Amino acid sequence: MGETEKIEVRDITRIERIGAHSHIRGLGLDDVLEARAVSQGMVGQKDARRAAGVVVQMVREGKIAGRCILLAGEPSTGKTAIAVGMAQALGTETPFTSMSGSEIYSLEMSKTEALSQALRKSIGVRIKEETEIIEGEVVEIQIERPATGTGQKVGKVTLKTTEMETNYDLGNKIIECFMKEKIQAGDVITIDKASGKVNKLGRSFTRARDYDATGAQTRFVQCPEGELQKRKEVVHTVTLHEIDVINSRTHGFLALFSGDTGEIKQEVRDQINNKVLEWREEGKAEINPGVLFIDEVHMLDIECFSYLNRALESDMAPVVVMATNRGITRIRGTNYRSPHGIPIDLLDRMIIIRTVPYTEKEVKEILKIRCEEEDCIMHPDALTILTRIATDTSLRYAIQLITTANLVCRRRKATEVNTEDVKKVYSLFLDENRSSKILKEYQDDYMFSEISEHEEEAAAVAGGGAKRRLDTGDGDAQAMEH
Amino acid sequence: MSYENWLNYLQSAEKNSMISGKLRKVLYKFPDGRQMAEEYNMDTGVVQRRAWRKCKQLMGEPEWEIELGEEPRQLNFAAGNKPNPAGGGDADNMAAGEFTLRESNTAPLLTKRVTKKNIEWRIRNLPYPIDVYNVRADAEQRAIIVRTNNKKYYKVIPVPELDRCSIPPVQANISTHHQFNTLIITYQKPAILCEMEAQVLLLLKNVETETDMDDLLKGLLAK
């Protein structure tokens, strides 16, 4: 028992990176789907949120397949935020796949294959299965490594319940699992006999006083009763895509981890659809349709749209939510212009949710929430200035300034960001408007300035280019308006 | 107190039978997708082995679950022998290091055997003296429960035969014996169970039996 000597500090709070939408915890609706003014990180946009709430309800009921919802609105009016909010509101049980329109352009896979994989990733299947599990408290665990460092490891574990005790020999794979889960004497664990999955339930009450220092997250559980081996009905939630991958290759499920799935044959998909329907008839499986969210949907081209048209007809289709910030523009891959860059026939199948620009008050609220999210204490005056900046330029620019102002503030060893800090970063970092103004003024000094007469063509090429960051996208959109 | 259901269930199955050596093997394919295999001793008419194959699960092949009789278990784990036909994909049959988890070979091992008058369970590798064990018939769980007062072994043993006649196990029919590290639990068959088994044998009489494998082999060799 060499393992017990080095007690590791476990269960420390995980440090997570803060993303653009990590402050969103739901849609902020009450029981009757009315939007609260400020709740769960969402501010304003009441109508759109209420509409999204109805969509969430529709998904939860799970009866309707293949609906399409379009979130349309100007840049930085919270389209992606609403989608993230929907994902949070649906919970972890419902599959929510989020992708960007330009993700489908891959050299290894055709566009439609990428789309159909995304569609199938959004359909969950809950499968009930009876498996044999071993549930007990670890009395003793021995893992011997060969002195050379390579070769077979030998492991033995003694498990007990209140009534009995058994020794088990461990195979190589399961030893890895034990080491990864850091199983030690006194833990109550379950082992799935078929898959060899080890799951730690907590520590046994009888071992509660072994160490004084236990993390806050350490759970104490009773030692299990009765027999060690039990038959239990477990519910797996897998997506159709995962079943596809497992069945499409000889590698089996390893392809899932390597991500090297390649094209999956339509025959395999059809077979799996039939099998899943069969399971559903038998009551072994339940289909749990989820949501596919395609951001920047104007990046899809005409082929994808016509594929989607057909794919949405299938009764295995998820609810598709799309978002776009484009007005009437060219459909990619054609010369036709259409609202939102989406063909009319597909638009006809959609319900459209519009997001409206935030008011000054709402912008202030959002900035306040972001400050909290980034652990930044801001003086009310600084917040007012920042709100002003946000309304004059863009909300995203203002959010960028929070982080930078916070750093400037820390440099002068203060805890609260004041107006000076904000002013300083405002002068240090240009927003898009000021930057383009400078460009216009000094256009002749920059390189290749003589091309300017072909500006329109250049803009067209840039519009069809690869995936870019959203804020440059905003700039692009605004440039078009000029 | 009747075995009607069980007989009807057996009757509904598609049955195949063959004789090999002194054993008659019967394979039942039930309409609900389950399969059962039995081996009868030709001399005594007693079931020696019975195994079930439940319907196919999500992934992988279904395995045979042995209800009765010796499991063809290999003592030499490391050798990685070829799997036994009846062993299915048992973890024991995989080469060393490839198994996920198995009971150590000193762990108690339960086997079941049926004789003309009794049902017998043998639990090997139980070195504790006889007074440690407490064997009770539990009518509620419809099972026999083995406890040890040193908390080393505990087992709920279901008795499917009694379930098939829909009678609960009775304490009076149980007797225990301990010898050579083995606990032997004997359950005297009630009359109704014997009657049921006789009926099943009658049922099997009508099942056609394929050629004796030995004869077949001999015939092939003669050519």
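With a ≥ b ≥ c the root eigenvalues of the C-alpha gyration tensor of segment A:286-433, is it rounded (a/c under 1.5), prolate (a/b larger than b/c) or oblate?
Details: a/c = 3.31, a/b = 2.30, b/c = 1.44.
It is prolate, given that a/c is not under 1.5 and a/b is the larger ratio.
Select from A:Ile399, A:Val422, A:Pro380 the residue farthest towards the positive end of the dipole of segment A:360-434; place +1 on Cβ of Lys and Arg, -1 on Cβ of Asp and Glu, and compute about the Cα centre.
It is A:Val422, whose Cα lies furthest towards the positive end.
Calculate, for segment A:57-152, the solvent-accessible area per residue in square angstrom, rolling a 1.4 angstrom probe over the heavy atoms of the protein chains.
44 Å²
Using a 1.4 Å probe on protein heavy atoms, which residues of segment A:140-167 have at least 40 Å² less accessible area in the complex than alone?
With the partner chains in place, segment A:140-167 has these residues losing at least 40 Å²: A:Glu163, A:Met164, A:Glu165, A:Asn167.
Roll a 1.4 Å probe over the protein chains and send me the accessible area per residue for segment A:360-434 in Å². Mind dumping the intermediate values first?
Values: 4240 Å² over 75 residues.
I get 57 Å² per residue for segment A:360-434.
Could you rank B:Trp64, A:Trp279 by how accessible they are, 1.4 Å probe, largest area first?
Putting B:Trp64, A:Trp279 in descending order of accessible area: B:Trp64, A:Trp279.
Which entries in B:Lys151/B:Lys189; A:Lys182/A:Lys275; A:Lys63/A:Lys284; A:Lys232/B:Lys25 show an alpha-carbon gap greater than 27 Å?
Over 27 Å apart, Cα to Cα: B:Lys151/B:Lys189; A:Lys182/A:Lys275; A:Lys232/B:Lys25.
To the nearest 10 square angstrom, how much accessible area does B:Thr106 have with a 1.4 angstrom probe?
Roughly 90 Å² of B:Thr106 is accessible to a 1.4 Å probe.
Quick one: pull the percent of accessible area on segment A:360-434 belonging to carbon and sulfur, 1.4 Å probe, ligands and nucleic acids left out.
Exposed carbon and sulfur together represent 52 percent of the surface.
Give me the mean projected area, in nm² to one decimal, of the convex hull enclosing the Cα positions of segment A:360-434.
4.2 nm²
Take A:Glu113, B:Glu197, A:Glu360 and sort them by solvent-accessible surface of the protein heavy atoms, 1.4 Å probe, largest at the top.
Largest to smallest exposure gives the sequence A:Glu360, B:Glu197, A:Glu113.
FRET efficiency for B:Glu4 and A:Ile351, Cβ-Cβ distance as r, R0 = 41 Å, nearest 0.05?
0.10
Amide H to amide H under 5 Å from B:Ile19: which residues, 5+ apart in sequence or cross-chain, H placed 1.01 Å off N in plane?
Hits under the 5 Å cutoff: B:Lys25, B:Glu210, B:Met213.
What distance in nm lies between label points placed 7 Å from Cα along the C-beta direction at A:Thr92 and B:Glu65?
Taking the simple label geometry, A:Thr92 and B:Glu65 are separated by 3.0 nm.
Computed on protein heavy atoms with a 1.4 Å probe, what is the summed buried accessible area for the chain pair B and A, in Å² to the nearest 100?
Numbers: alone 13520 and 28100 Å², together 39320 Å².
So the buried area, both faces added, is about 2300 Å².
Pull out a ≥ b ≥ c, the square roots of the eigenvalues of the alpha-carbon gyration tensor of segment A:128-233, then state rounded if a/c is under 1.5, prolate if not and a/b is larger than b/c, and oblate in the remaining case.
oblate
Roughly to the nearest percent, how much of the accessible area of segment A:110-199 is carbon and sulfur, given a 1.4 Å probe?
Details: 1710 of 3720 Å².
Looking at segment A:110-199 in its full context, I get 46 percent from C and S.
What ³J(HN,Hα) values, in whole Hz, does the Karplus curve 6.51 cos²θ - 1.76 cosθ + 1.60 give for segment A:441-449 when θ = phi - 60°, with x put for Gly and Pro?
After applying 6.51 cos²θ - 1.76 cosθ + 1.60, I find 5, 9, 3, 5, 7, 7, 6, 6, 5 Hz.
Report, as an integer, the average count of C-beta atoms from other chains found within 10 Å of each Cβ along B:151-157. Please list the in-between numbers first.
Details: counts 6, 5, 5, 11, 6, 3, 0.
Per residue, the number of nearby Cβ atoms from other chains is 5 on average.
Give me the one-decimal nm value for the distance between modelled label points at A:Asp445 and A:Val54, 7 Å along each residue's Cα-to-Cβ direction.
In this crude label model, A:Asp445 to A:Val54 measures out at 5.5 nm.
Whole number in Å², please: accessible area per residue of segment B:109-191, 1.4 Å probe, ligands, DNA and RNA not counted.
Details: 4080 Å² over 83 residues.
That works out to 49 Å² per residue.
Straight-line reach from A:Lys413: which lysines fall under 20 Å, measuring Cα to Cα and dropping same-chain residues less than 8 apart?
A:Lys423, A:Lys424
Mind grabbing the accessible area of A:Phe429 for me, 1.4 Å probe, Å², rounded to tens?
That residue has around 90 Å² of solvent-accessible surface.
Give me the log10 of I(q) over I(0) for segment A:87-157 at q = 0.11, 0.12, 0.15 Å⁻¹, as the Debye formula computes it from C-alpha points; what are the numbers?
-0.69, -0.74, -0.76
Could you look at segment B:109-191 and say what percent of its accessible area is carbon and sulfur, using a 1.4 Å probe and all protein chains? Display every interim value, and only then the final one.
On the way: 2060 of 4080 Å².
Carbon and sulfur: 50 percent of the exposed surface of segment B:109-191.
Treating cross-link reach as a plain straight distance, find the lysines whose alpha-carbon is under 20 Å from the alpha-carbon of A:Lys180, omitting any fewer than eight places away in the same chain.
A:Lys6, A:Lys153, A:Lys156, A:Lys193, A:Lys197, A:Lys200
Can you tell me the dipole magnitude for segment A:292-373 around its Cα centre, using point charges on the Cβ only (Lys, Arg +1; Asp, Glu -1), in Debye to the nearest 20?
Once rounded to the nearest 20, the dipole reads 320 debye.
With N denoting the number of residues in segment B:109-191, provide Rg(C-alpha) divided by 2.2 N^0.38 Å, to two decimal places.
1.04
The values are calculated or read from the model by the stated rules, or taken from the named source; none is laboratory data. On a predicted model such as this, the values are computed, not experimentally measured, just so you know. With ideal geometry, Cβ positions are generated from the backbone for all residues, glycine too; neighbour counts draw on all protein chains shown. Ligands, DNA and RNA are stripped out before the accessible areas are found, and what is left, the full protein with its side chains, is counted by its heavy atoms. Shrake-Rupley method; radii C 1.70, N 1.55, O 1.52, S 1.80 Å.
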